[in-house]
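**Q** Before anything else, here's the structure in question.
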Amino acid sequence: MAAKKSKFSDRKLLESFEAGEARALARAISWVENGRPGFEDLLSALHGKLGRAQRIGITGPPGAGKSTLIHGLAALVRKRDERVGVVAVDPTSPFTGGALLGDRIRMTSAIGDEGIFIRSMASRGSLGGLATTTREVADLMDAFGFERVVVETVGVGQSELEIAEATDTTVVVLTPESGDSVQAMKAGLMEIADIFVVNKADRPEAKRAAGELRTVLRIRQGQTFDRIPAHHGVDLTRMAERRARAGGDDGGEAAADAGTKRWEIPVLMTAATGGEGVPELLETLDAHLGHLEETGELTIRRNRRTLERVRAVVNRGLRTRVWRGGPGTEMLEAARPDLESGRRSPYEVADEILRSVMPDG
């Protein structure tokens, strides 16, 4: 079926983008990040170019050394003559609304290398460790032709789980001597990690922290106590087998395609400031991509991401229709006396506002 003709009006920007001009990529990112009129038409015009880049999510607590690790990875990728785009999500400045910490400052040696493109984005209050348009900026980098697109979360600890939905491979970076391994168990990071990295491995507690993580992972997979009778009727081995057959919490398609082959989550040790362990991390990223391709999980993850994008765009469109282009704000102000007096409930008013933009709803 023929592709739908693009409605995006700035043909010069599209031509420059497709010609590989970095300034055009920067302009396109600003267009999307600021939500300028027509930005969804721009994304739609470039949608057919997606799917070439491996999307890598780097998450973990503040101070874990995520930016330094990304810097080391980018340098190794460039030695392979591959290009890498980095989306670094930072806290929002309370004064300017922009990124509080520009990761380009932390990766100064990459400046001047045309094969590395770094974009800092403000989280702008968005939960989940990502900015609202992070996924779409990653789309632009993918469409631009980068072989690797790395997304670094804001590093707020327990609310970074969205990164797993936005990337192909999720790397959770922790440090020793700070209780990060325990926090990882509490925060749900155990659920999203494809690879664990204990950074700052030159510290005394690094081996112990890595050992703790490996033990917890084996317990979760029912391997550590597989020869010990079930305690209180809980057989961890059988639980792990059931989870593998069911394909985890997100559908059984992967298990059906993968058969019994399962990715064993590795725990790597790095000292990113000196580059130790970074080549091994890159090799593991390659291995995970190969595993995803071989089992069909890569297609499943990317298809799921596309479906979630539709939902997100619909939700964004509804918000725009209600609050920006619609009567939502005026209707809410008009209903304020009744809300404050208790004569009407928030649900009644919300229903009235929704019906104003969806009369048949």
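The values are calculated or read from the model by the stated rules, or taken from the named source; none is laboratory data. These numbers were taken from a predicted model, which means no experiment stands behind them. We place every Cβ from the backbone using ideal geometry, glycine too, and count neighbours over all the protein chains shown.
**Q** Among the candidates Thr295, Thr284, which residue alone is more than 18 Å from the chain's Cα centre (by Cα), surrounded by 11 or more Cβ atoms within 10 Å (Cβ to Cβ), of a type in the set (S, T, N, Q) and within 22 Å of Val150 (Cα to Cα)?
**A** Working: Thr295 fails: within 22 Å of Val150 (Cα to Cα).
Unique residue meeting the criteria: Thr284.
**Q** Scanning for something at pLDDT below 60 and in contact with a helix residue (DSSP H, G or I) (Cβ under 9 Å, 6 or more places away or on another chain), does region 160-176 turn up at least one residue? Let's see the steps before the verdict.
**A** Of the residues in region 160-176, the ones at pLDDT below 60 are 160.
Keeping just the survivors that are in contact with a helix residue (DSSP H, G or I) (Cβ under 9 Å, 6 or more places away or on another chain) gives 160.
Looking for residues that are at pLDDT below 60 and in contact with a helix residue (DSSP H, G or I) (Cβ under 9 Å, 6 or more places away or on another chain), one finds at least one in region 160-176, hence yes.
**Q** OK, next. Taking the criterion of being modelled with pLDDT under 95 and either among the polar types (S, T, N, Q) or closer than 24 Å to Thr153 by Cβ (or both), would at least one residue in region 4-14 satisfy it?
**A** Scanning region 4-14, I find at least one residue that is modelled with pLDDT under 95 and either among the polar types (S, T, N, Q) or closer than 24 Å to Thr153 by Cβ (or both), so the answer is yes.
One line per residue, one yes/no per condition, for (1) under 26 Å from Asp168 (Cβ atoms); (2) within 20 Å of the chain's Cα centre (by Cα); (3) not polar (S, T, N, Q):
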position: Phe8; (1), (2), (3): no, no, yes
position: Ser16; (1), (2), (3): no, no, no
position: Asn34; (1), (2), (3): no, yes, no
position: Leu43; (1), (2), (3): yes, yes, yes
position: Lys66; (1), (2), (3): yes, yes, yes
position: Leu69; (1), (2), (3): yes, yes, yes
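**Q** Next up: Identify, please: which residue in region 38-94 is in contact with a strand residue (DSSP E or B) (Cβ under 6 Å, 6 or more places away or on another chain) and among the basic types (Lys, Arg) and is, among those, farthest from Ile163 (Cα to Cα)?
**A** The extreme case among them is Lys66.
**Q** List, please: which pairs have Cβ atoms under 6 Å, are six or more places apart or on different chains, and start with a residue in region 11-25 that is over 17 Å from Val137 (Cβ atoms) and end with one that is part of a helix (DSSP H, G or I)?
**A** Partner pairs satisfying both residue conditions: Ser16/Ala24.
The rows are residues; the columns are (1) over 18 Å from Lys49 (Cβ atoms); (2) of a type outside the set (Lys, Arg); (3) at pLDDT below 60.
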site	(1), (2), (3)
Leu101	yes, yes, yes
Asp113	yes, yes, no
Ile116	yes, yes, no
Ala122	yes, yes, no
Gly128	yes, yes, yes
Asp139	no, yes, no
Phe144	no, yes, no
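**Q** Take Ala254 and decide whether it is buried (at least 16 other Cβ atoms within 10 Å of the Cβ), at pLDDT 90 or above and either assigned to a loop (DSSP other than H, G, I, E, B) or not hydroxyl-bearing (Ser, Thr, Tyr) (or both). Lay out the reasoning, then the answer.
**A** Numbers: buried (at least 16 other Cβ atoms within 10 Å of the Cβ): yes; at pLDDT 90 or above: no; either assigned to a loop (DSSP other than H, G, I, E, B) or not hydroxyl-bearing (Ser, Thr, Tyr) (or both): yes.
It is false that Ala254 is buried (at least 16 other Cβ atoms within 10 Å of the Cβ), at pLDDT 90 or above and either assigned to a loop (DSSP other than H, G, I, E, B) or not hydroxyl-bearing (Ser, Thr, Tyr) (or both).
**Q** Then there's this: What residue, among those in region 62-88 that are closer than 10 Å to Thr153 by Cα and out of contact with any helix residue (DSSP H, G or I) (no Cβ under 6 Å at 6 or more places or on another chain), is surrounded by the most Cβ atoms within 10 Å (Cβ to Cβ)?
**A** Lys66
**Q** All but one of (1) modelled with pLDDT of 95 or more; (2) in the same structural domain as Phe117 (by TED's automatic domain parsing) hold for Ala24; which doesn't?
**A** Tallying (1) modelled with pLDDT of 95 or more; (2) in the same structural domain as Phe117 (by TED's automatic domain parsing), Ala24 fails exactly one: (2).
**Q** Please verify whether region 321-338 includes one or more residues that are out of contact with any Gly (no Cβ under 8 Å at 6 or more places or on another chain), over 30 Å from Leu43 (Cα atoms), in a loop (DSSP other than H, G, I, E, B) and outside the structural domain of Glu40 (by TED's automatic domain parsing).
**A** no
**Q** For region 339-356, name all the residues that are polar (S, T, N, Q) and outside any helix (DSSP H, G or I). Before the answer, list the steps.
**A** From region 339-356, those polar (S, T, N, Q) are 341, 345, 356; that's our starting set.
Within region 339-356, just Ser345 meets the criteria.
**Q** Determine whether region 81-89 contains at least one residue that is out of contact with any Lys or Arg (no Cβ under 8 Å at 6 or more places or on another chain), within 24 Å of Glu191 (Cα to Cα) and either modelled with pLDDT of 70 or more or of a type in the set (Val, Ile, Thr) (or both). Full working, then the answer.
**A** Within region 81-89, the first condition is being out of contact with any Lys or Arg (no Cβ under 8 Å at 6 or more places or on another chain), and the residues that meet it are 81, 89.
Restricting the remaining residues to those that are within 24 Å of Glu191 (Cα to Cα) gives 89.
Keeping just the survivors that are either modelled with pLDDT of 70 or more or of a type in the set (Val, Ile, Thr) (or both) gives 89.
Within region 81-89, one or more residues are out of contact with any Lys or Arg (no Cβ under 8 Å at 6 or more places or on another chain), within 24 Å of Glu191 (Cα to Cα) and either modelled with pLDDT of 70 or more or of a type in the set (Val, Ile, Thr) (or both).
**Q** Considering only region 186-204, I want to know if a residue exists there that is of a type in the set (Gly, Ala, Ser), at pLDDT 90 or above and surrounded by fewer than 23 Cβ atoms within 10 Å (Cβ to Cβ).
**A** For region 186-204, residues of a type in the set (Gly, Ala, Ser), at pLDDT 90 or above and surrounded by fewer than 23 Cβ atoms within 10 Å (Cβ to Cβ): present.
Every residue, every condition in (1) β-branched (Val, Ile, Thr); (2) surrounded by fewer than 20 Cβ atoms within 10 Å (Cβ to Cβ), yes or no:
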{"residue": "Arg23", "(1), (2)": "no, yes"}
{"residue": "Arg27", "(1), (2)": "no, yes"}
{"residue": "Trp31", "(1), (2)": "no, yes"}
{"residue": "Arg36", "(1), (2)": "no, yes"}
{"residue": "Phe39", "(1), (2)": "no, yes"}
{"residue": "Ser44", "(1), (2)": "no, yes"}
{"residue": "Arg52", "(1), (2)": "no, yes"}
{"residue": "Arg55", "(1), (2)": "no, no"}
{"residue": "Ile58", "(1), (2)": "yes, no"}
